[in-house]
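Participant: Take a look at the following structure, please.
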Amino acid sequence: MNEPISMGLPRRSVLIGLAGLALAGCNSRNRVLSSPVDSLAPSVPLPSPSLAVRPAMYDAMPGERFPIPAVDVTQVEERFWRTTVDNPTGEAPGTLVVDTPAKYLYFTIPGGLAVRYGIGVGREGFAWSGRAKVQYKREWPRWTPPNEMVARQPELEPYSIANGGMEPGLKNPLGARALYIFQDGRDTLYRLHGTPEAWSIGKAVSSGCIRLLNQDVIDLYERVPDGTPIRVIQDVFIQAA
């Protein structure tokens, strides 16, 4: 199950220079990394605002605990919109695969298919790879930065473990949903979580784990039960259709 994966299109070279970082929990910053991951990515123009038609799946969600606004799809390349594709992962149905270099997350489903989501990858998202499982999920989670992060960023003290973390809401770095990844019974501090920052999807960003549009992470949350296996790829590429 660990063989290289390809969908037959030209392969991209991606340097992952952050794999040695110590994993430090998920947070969100409004800055895009000028990393090799970004600089080597193919240049694909964003759709013109006059041409970008928002699909219904990215409409506003007023019925949520914290009403979610519609996605500005002019900020997201169409190839990163949620879609169903032929399963390129080689994994059995019911498996999550995070293709970090290509900025895609796949959830494999029966019939040789997979639901593909565009993701943004933070520094902590580059710091771990391997196989694990979704230990549990949370709707509108609290965000609690680890003590090591608070020590580096004292301004986060109000949201420390001792202070109970940050209240849920649209400004919470974990967004509308979060999936918590454990390996051999231990928390990896690796998270799949929501974001309102549409511009960050498909990019390497300054911090955080694996972020999806809030509408996408809600869709994923409904599909994925506790115990779902997950594979995180750093050095093997899945090429997009």
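The values are calculated or read from the model by the stated rules, or taken from the named source; none is laboratory data. No experiment lies behind these values; they were computed from the predicted model shown. Heads up, the Cβs are rebuilt from the backbone with ideal geometry, glycines too, and the neighbour counts pull from every protein chain shown. The area values use the complete protein model at the heavy-atom level, side chains included, leaving out ligands, DNA and RNA. Shrake-Rupley method; radii C 1.70, N 1.55, O 1.52, S 1.80 Å.
Participant: For region 119-161, give me each residue that is charged (D, E, K, R), part of a helix (DSSP H, G or I) and open to solvent by 60 Å² or more (accessible area, probe 1.4 Å). Spell out how you get there, then give the answer.
Facilitator: We begin by selecting, within region 119-161, every residue charged (D, E, K, R); these are 123-124, 131, 133, 137-139, 142, 148, 152, 155, 157.
This time we only want the ones that are part of a helix (DSSP H, G or I), so: 123-124, 148, 152, 155, 157.
Answer for region 119-161, where residues must be charged (D, E, K, R), part of a helix (DSSP H, G or I) and open to solvent by 60 Å² or more (accessible area, probe 1.4 Å): Arg123, Glu148, Arg152, Glu155, Glu157.
Participant: Please state which of the following conditions Val121 fails to meet, knowing it meets all the rest: (1) hydrophobic (A, V, I, L, M, F, W, C); (2) over 15 Å from Arg223 (Cβ atoms); (3) modelled with pLDDT of 95 or more.
Facilitator: (3) is the only condition that Val121 fails.
Participant: Residues Arg79, Arg116: which one is among the basic types (Lys, Arg) and open to solvent by 40 Å² or more (accessible area, probe 1.4 Å)?
Facilitator: Testing whether each residue is among the basic types (Lys, Arg) and open to solvent by 40 Å² or more (accessible area, probe 1.4 Å) leaves just Arg79.
Participant: Scanning for something open to solvent by less than 20 Å² (accessible area, probe 1.4 Å), farther than 18 Å from Glu139 by Cα and at pLDDT below 95, does region 165-177 turn up at least one residue?
Facilitator: No, region 165-177 contains no residue that is open to solvent by less than 20 Å² (accessible area, probe 1.4 Å), farther than 18 Å from Glu139 by Cα and at pLDDT below 95.
Participant: Another question about this same structure. Is there a residue being out of contact with any helix residue (DSSP H, G or I) (no Cβ under 9 Å at 6 or more places or on another chain) and surrounded by fewer than 24 Cβ atoms within 10 Å (Cβ to Cβ) anywhere in region 187-205?
Facilitator: yes
Participant: Residues in region 199-225 that are under 16 Å from Val76 (Cα atoms) and among the hydroxyl-bearing types (Ser, Thr, Tyr): how many?
Facilitator: 1
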